[in-house]
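*Asks:* I have a structure here, written as structure tokens, and I will follow up with some questions on it.
The values are calculated or read from the model by the stated rules, or taken from the named source; none is laboratory data. Since the model is a prediction, treat every value here as computed from it, not as a measurement. All Cβ positions, glycine included, derive from the backbone under ideal geometry; neighbour counts span all protein chains shown. Just so you know, the surface numbers come from the protein's heavy atoms only, side chains and all, with ligands and any DNA or RNA stripped out. Shrake-Rupley method; radii C 1.70, N 1.55, O 1.52, S 1.80 Å.
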Amino acid sequence: MAATATATTSAFSSTADCVYQGARRVHQITTLHVASTRRPSAFFKSVRMIDTINCTAASRCSSSGSMKSATITDASAKVIDGKSTAKEIRDEIAIEVSRMKDSIGVVPGLAVILVGDRKDSATYVRNKKKACESVGMKSYEVCLAEDSSEQEVLKYISGFNDDPSVHGILVQLPLPSHMNEQNVLNAVCIEKDVDGFNPLNIGRLAMRDREPLFVPCTPKGCIELLHRYGVAIKGKRAVVIGRSNIVGMPAALLLQREDATVTIVHSRTKNPEEITREADIVISAVGQPNMVRGSWIKPGSVIIDVGINPVEDAKSPRGYRLVGDVCYEEASQMASAITPVPGGVGPMTIAMLLLNTLVAAKRANNFK
Ligand SMILES: Nc1nc(=O)c2c([nH]1)NC[C@@H]1CN(c3ccc(C(=O)N[C@@H](CCC(=O)O)C(=O)O)cc3)C=[N+]21
């Protein structure tokens, strides 16, 4: 699949609203032609340089050779380190897990259901298991064949719903296409819905003066990063790029609950670049490598990049490497703070899953 991306209004692909949907694509973008849309001022010097460069790959949104020598060092954004923040949070969770075990003899447990043999899903599930172990939680894992029936998945969910040693249930997405995702997700009882995907949880998230039992892990991780890095949200302009049920939409609701003024930019938005350039805070969750260019970003803004996009890279041992939705080299010249990929939102997602599981276990046992 070769494509040409242009940093103009057609930057989205038709599927770009939904991350985690369909088969994981390894992006193979041959030429990223950068269209200049504004007259750069002195502040935009790094962007002006990039305007003139015909980029050679999506994984390299700028020619790093010439960039580095000229401008990269003078105005680099602070790196919002999701990896170390997630570790801090896991350490906090581990303390609570052992306090709970010592005082009431209960160990929080997370059940993960994996259907099919997608390699990336298997990796995520393995990482979740490792993360559980690292904080002293129990993990239960069910792996079902690609051609299993929906009934079979529902049977396992029902078993975990009834099992008091399981406090959280996660059905790894995407499910094989012959299954009805809604039916499956609705079967997870709301008290164990640590992914926060149950419509009742999302509905409560959307309503004032209501509290969801759980908030979806990825958007929750984004907000947690903003909090821990002291980024003020109240009264700020926030733009969320992407409107998926599991990231974009709940991220926008969370920002609004924090008193930001929120705009959602999506694949049918006429002028995404212009709107994004108004934002003090940007959360991007579209699944398009390097779509958000330096010219989309207001100087001094804070960028949270949710995209984890594999792009071909012959030099990497895996044959690919991961890049975000945001062109990091360009954006870090404009923003005051930015999350990297990898090592940004990804590790936070797993930390939030553990946190939700801990909360579920405390709630089930009335443990404060
Ligand atoms: N029911 C469900 N809930 C999910 O939360 C869910 C899901 N299904 N399906 C798949 C996506 C994806 N996801 C990630 C979590 C952590 C990293 C992560 O830690 N990534 C590392 C890099 C890992 C690597 O190098 O491959 C990082 O960004 O630093 C990535 C992706 C959760 N998902």
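*Asks:* Lys and Arg at +1, Asp and Glu at -1: add these up for the other residues within a Cβ distance under 12 Å of R126 and post the number.
*Replies:* The answer is +1.
*Asks:* Please label the shape of the stretch 73-215 as rounded, prolate or oblate, based on the square roots a ≥ b ≥ c of the eigenvalues of the alpha-carbon gyration tensor (a/c under 1.5 means rounded; beyond that, a/b larger than b/c means prolate, else oblate). Before the final figure, lay out each step's value.
*Replies:* On the way: a/c = 1.42, a/b = 1.27, b/c = 1.13.
It comes out rounded by the Cα gyration axes.
*Asks:* Further, regarding this structure: Tell me the net charge near R210. Cut-off is 14 Å between Cβ atoms, R210 excluded, with +1 for each Lys or Arg and -1 for each Asp or Glu.
*Replies:* So the surrounding residues net to +1.
*Asks:* Using modelled amide H (1.01 Å from N, peptide plane; none on Pro or chain starts), what sits under 5 Å from the amide H of K236, excluding residues fewer than 5 places away?
*Replies:* Placed amide hydrogens put T261 under 5 Å from K236.
*Asks:* Still on this model: What's the ranking of 79-87, 190-198 by average number of surrounding C-beta atoms within 10 Å, highest first?
*Replies:* Numbers: 79-87: 19.2, 190-198: 22.2.
My ranking of the peptides, most packed first, is 190-198, 79-87.
*Asks:* Still on this structure, I have one more. Please get the size of the charge dipole for the stretch 103-211, origin at its Cα centre, with Cβ charges of +1 on Lys and Arg and -1 on Asp and Glu, quoted in debye to the nearest 20.
*Replies:* 380
*Asks:* While we're here: Over the stretch 103-211, what is the mean sequence separation of C-alpha contacts under 8 Å (at least six apart), divided by residue count, expressed as relative contact order in percent? Before the final figure, lay out each step's value.
*Replies:* Details: 136 pairs, mean separation 32.6, N = 109.
That works out to 30 percent.
*Asks:* Between A75 and A364, what FRET efficiency follows from the Cβ-Cβ distance if R0 is 35 Å, with the result rounded to 0.05?
*Replies:* Values: r = 49 Å, r/R0 = 1.41.
After rounding to 0.05, the efficiency reads 0.10.
*Asks:* Using a 1.4 angstrom probe on heavy atoms only, work out the carbon and sulfur share of the accessible area of the stretch 141-186 in %.
*Replies:* Solvent-exposed carbon and sulfur of the stretch 141-186 make up 44 percent of the total.
*Asks:* What does the highest-first list of 331-342, 300-311, 177-188 look like by mean Cβ count within 10 Å?
*Replies:* 300-311, 331-342, 177-188
*Asks:* Here's something else I'd like to know. Could you compute the net charge surrounding E88? Neighbours are other residues with a C-beta less than 15 Å from the C-beta of E88; K and R count +1, D and E count -1.
*Replies:* -1
*Asks:* Straight-line reach from K368: which lysines fall under 22 Å, measuring Cα to Cα and dropping same-chain residues less than 8 apart?
*Replies:* K368 reaches K101, K138, K192, K220.
*Asks:* OK, next. What FRET efficiency would be calculated for the residue pair K119, N183, taking the C-beta separation as r and a Förster radius of 22 Å, to the nearest 0.05? Can you show the working numbers first?
*Replies:* Working: r = 26 Å, r/R0 = 1.17.
Computed FRET efficiency for K119 and N183: 0.30.
*Asks:* Enter the Cα centre distance for the pair the stretch 329-356 and the stretch 165-183, rounded to the nearest angstrom.
*Replies:* 25
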